[in-house]
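What follows is one structure encoded as structure tokens, with my remarks underneath.
All of the numbers you see were taken from the coordinates with simple rules; none came from a lab. Here the structure is a predicted model, which is why all the values come from computation and not from measurement. Reconstructed Cβ throughout: ideal geometry from the backbone, glycine too, with neighbour counts over all protein chains shown.
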Amino acid sequence: MTEPTSEHVSVLLDETVAALNIKPNGRYIDGTFGRGGHTRAILANLSSQGRVLGLDKDPEAITAGQRLAAEDERFTIEQCSFATLAETVNARLWQGKVNGILLDIGVSSPQLDIADRGFSFQKDGPLDMRMNPNEGMSAAQWLAHADMDEIATVLKTLGEERFGKRIARAIVETREETPLTTTKQLADLVDKASPFREKNKHPATRTFQAIRIHINNELDDLSVVLQQAIDVLAVGGRLAVISFHSLEDRIVKRFFRDQAKGDDLPSHFPIRADQLNPSIKLVGKAIKAGETELARNPRARSAVLRIVEKVA
Ligand SMILES: C[S@@+](CC[C@H](N)C(=O)[O-])C[C@H]1O[C@@H](n2cnc3c(N)ncnc32)[C@H](O)[C@@H]1O
């Protein structure tokens, strides 16, 4: 049974609105609509001419978006991955005309809090973890077929789980006897296979993170959207990305650094830095949640906001 929908507390809300440097008549894209906290804050800064397009993979986020679209004609919502941003923007003839894009990567609180979605090791539910449960393979389906080395690699690279091999072996041995179909089964299995516990961290934390990132293709989607976002922005437009763990933040940080540097020429080349044709400039430093926000919303602890502006 699905519990009542929990709310999502938007992270770094004021900082994100400031980061987007909103033009009242501008066009904005919220690539991770969730429950629309950031979208509403953007809409509050727009005139009647301004527009926001929301994207999300999750059907429940789309339902929330449709409700907002019915109330506010400046807003539209589309169910897709932000990895297809360029296509979606081109279909609206918005290419080169977008004034700001926000990506608030990762999972929403309702996804984590509703047991039926299968994201949480703290609640028993079907082992699903798909942001769009109508598309692709569930965690249970992947774990039923993946070979031991593949599982171990995913746990190690996407969860930084040092007992990845042991856990992968336990998964493969267990599934020969009983299929793994619930979050509790997987959480208990990881607990048993882990030789010791980290302080204040459930032993299944890393395994659940790794499987979620893998089955939702999260790092690949992030890697492809960044270039598309820069391409569709108008000159002077801003891209703001909030990431929640080091694997994501590393992708964002490196991409921004490289694009802000411009053409990749040998360092001895006789050319000035301003002749390297960078497409973006960095706006300020990485921003983290302050004490007041953390006291209100502990989930903001690992959030990092990075901002760039298109210059050419
Ligand atoms: C952290 S929540 C966003 C919360 C939102 N900013 C708010 O204030 O309500 C992340 C959302 O992004 C969605 N999402 C994650 N990866 C996505 C992708 N590749 N394409 C589209 N949506 C994605 C998730 O389904 C989730 O609803």
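Structural remarks
- For the chain, the Kirkwood estimate of the hydrodynamic radius, built from every pair of different alpha carbons, is 20.7 Å.
- Of the residues T205, L276, A229, the one whose Cα sits farthest towards the positive end of the charge dipole of the chain is L276 (charges of +1 on Lys and Arg Cβ, -1 on Asp and Glu Cβ, taken about the Cα centre).
- For the residue pairs K165/K199; K192/K288; K261/K285, the C-alpha atoms sit more than 24 angstrom apart in K192/K288.
- Tensor-based shape of segment 45-107 (alpha-carbon gyration tensor, a/c under 1.5 rounded, otherwise prolate or oblate): oblate
- For segment 92-227, the alpha-carbon coordinates run over 55, 32, 27 Å along the three principal axes, in decreasing order.
- Label zone (D124, point 7 Å along Cα-to-C-beta; backbone nitrogen cut-off 18 Å) within segment 168-206: 178-192, 204.
- Mean separation of Cα pairs under 8 Å and 6 or more residues apart, divided by the residue count, gives the chain a relative contact order of 19 percent.
- Vicinal HN-Hα couplings computed from phi for segment 99-111 (Karplus, 6.51 cos²θ - 1.76 cosθ + 1.60; Hz; Gly/Pro x): 8, x, 9, 10, 10, 10, 5, x, 9, 8, 4, x, 4
- Loop-located GluC sites (Glu not before Pro) across segment 50-115 with a Cβ neighbour count of 14 or fewer within 10 Å are E73, with loop assigned by DSSP.
- Under a model in which nothing but the beta-carbon of Lys, Arg (+1) and Asp, Glu (-1) is charged, segment 132-215 shows a dipole of about 440 debye around its Cα centre.
- Share antiparallel - DSSP beta bridges, the chain, percent rounded to 5: 40 percent
- Segment 132-215, relative contact order in percent, only Cα pairs under 8 angstrom and at least six apart counted: 39 percent
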